[in-house]
Amino acid sequence: MDKSKRKNSHPHLIFTLLAFFHFTAVTSIGVNYGTTADNLPPPAQVAKFITTQTIIDRVKIFDMNPDIIAAFANTNISLTVTIPNGLIPQLANLSYAQSWVESNIQPIYPQTKIEYILVGSEVLLWGTPAMFTNLVPAMTSVYNACVLAGLTDIKVSTAHSLGILNSSFPPSNATFQIGWQKYFLTPMLAFHRSTNSPFMVNPYPYFAWAPADNNFVLFEPNSGYVDPNTGKNYSNIYDILLDATYNSMQELGFGDVEIAVGETGWPSAGDPGQTECTPENARWHNLNVMRIGESGVGTPLMPGRKFETFLFSLFNEDLKPGATTERNFGLFQPNLTAVYDIGIMRADQPSGGGGKGTAAPTPVTPTSGKQWCVPTAAANDDSLQANMNWACTSGGVDCSAVQAGGACFNPNTVRSHAAYVMNAYYQAKGYKSYNCYFSGTGVVTTSDPTLHETLNQIVGPPSTTVVVVVVTGEGKKNIDRSIGEVVVVVVNGVDFSKSGGHRHRQGVVVVVV
């Protein structure tokens, strides 16, 4: 369901306290560029759009499309290409692999910056026995062919469905499917270790969604899930899927191999009744997986790790078969307008809306000292206190100013203290609008909240009127404020009641009416 209608419920899990999510600015992003559509712009236009109008710096394709590969030449975009599953048996032969690299990679590299060559996609789920048995030999041959050709910067991997896991709950008990461990995944992980390449998986929280689990799947506030074996507390299913993968690797002795996320995403539209498929849910999901990938926070079993992540997908693809959701995983419409805004447009480019009347926050280009993050009018004290608890600990904000005796302790209200703390976090993180989201309880304003707090302190209950004129280099702004009967008005230590009704001081004029 949409964020505005969500309830806190997850009866199947054991709960403890969940901290709210907050975001660092998005600095880079990987996307999957699918082409199952008849209305997409030509690859050259797509490459120009990505390069000039977005901060996308990594693109993954599901084939060896020569037009796409050529379009990304000399763009500095890292490209991941995929060898069709059907070629896997032949590629197990080194001579064939050398011929393939000579024909398909050497002519376009390094003009096109190939980052990964993926040998098939979700082979262990969709492949044939011949593909299974030849997958690791094919990966090895392709890698050796690249090395022999002097292409030592290119890494070789393959992407896996999480159907390779026997189970995910609890993550500390997770293992790979028994039949695949010894003959396929153990030699594959040994290959990744020896070549310093990542084990790539496709975790999709969307496919675990159920109404009762909404908050846990969609990174919303909930009490969490405690792994009974480790005591680790999980606040979302995405961390569980990653840790289940890690534990399965660790069980085989390969916990040191890096994990990359080849695909993950959320549909912005679905069939009637699929209320979980909205632009806002898709936006919120993707913001969270990017945060986990980029921030270095890691997961309960992998603290401090980053995960290279490719969102699915670049475009809504109108020819994908199946449910409506399959055609609505895109970040962009085919006309290059954003389906929703996750902060990947360059600063001078327009951002997308939330769709269906749900406006997504638009990144604000800050003018230093003229924007503030404040609580929304609807935010309650419990939510604001949770914001402060997080920001003053995990968020790294120095909150001494709002503690007893601190410079901003008064007025001693949760809302006033939260305004200080939320704004401190927002400004410390570079005035990015996502750092003022605070689970929907923060909003960016251009009206200085400290002025209103000052008036609240020096006056009393509303009665008469004070006109405050704030003088800046850009002119004057009149603010009408009802206050109690004024006997003495003091602002910044200046007694205005003794100045004939008005006085200038540090850019502020107060007129008692």
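Just so you know, all these numbers are worked out from the coordinates, no wet-lab data involved. Predicted model, so just to flag it, every value in this text is computed and none were measured. Glycine gets a Cβ as well: all are built from the backbone with ideal geometry, and neighbour counts include every protein chain shown.
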Discussion item. For the ranges 152-163, 314-325, what's the packing order if you count other beta-carbon atoms within 10 Å of each residue, average per peptide, and put the highest first?
Written reply: 152-163, 314-325
Worksheet item: If you count, for each residue, the other Cβ atoms within 10 Å and average over each peptide, how do 260-269, 52-61 line up from highest to lowest?
Response: 260-269, 52-61
Worksheet item: By per-residue mean of other Cβ atoms within 10 Å, what is the highest-first order of 240-251, 400-411, 83-94?
Response: 240-251, 83-94, 400-411
Fill in: Of Lys48/Lys306; Lys155/Lys182; Lys232/Lys306; Lys182/Lys232, those spanning more than 26 Å from alpha-carbon to alpha-carbon
Lys48/Lys306; Lys182/Lys232
Response to the item:
In whole Hz, the Karplus estimates of ³J(HN,Hα) for the range 322-339 (6.51, -1.76, 1.60; θ = phi - 60°; x where Gly or Pro) are x, 5, 4, 4, 4, 9, 9, 9, x, 6, 10, 6, x, 7, 6, 8, 6, 6
Worksheet entry | Dmax and Rg, reported as Rg then Dmax, of the range 216-266 (C-alpha, Å) | 12.5, 35
Discussion item. On a full-extension model of 0.36 nm per residue, what is the gain between Asn144 and Thr324, subtracting their alpha-carbon distance, rounded to one decimal in nm?
Written reply: 60.6 nm
Worksheet item: Tell me, what is the Rg over Rh of the range 167-290, with Rh the Kirkwood radius over Cα pairs?
Response: 1.01
Item to complete: Using a Förster distance of 30 angstrom, determine the FRET efficiency expected from the C-beta separation of Thr275 and Ala37, and round it to 0.05.
Response: 0.70
Worksheet entry | HN-Hα J in Hz across the range 102-114 - Karplus 6.51, -1.76, 1.60, θ = phi - 60°, x for Gly and Pro | 4, 7, 10, 10, 4, x, 10, 10, x, 3, 9, 7, 6
Worksheet, complete the sentence: Cα-based Rg/(2.2 N^0.38 Å) for the range 149-235, rounded to two decimals, is 1.40
Worksheet item: Zone of Arg305 (label point 7 Å along Cα→Cβ, backbone N under 13 Å): which residues in the range 227-247?
Response: 239-247
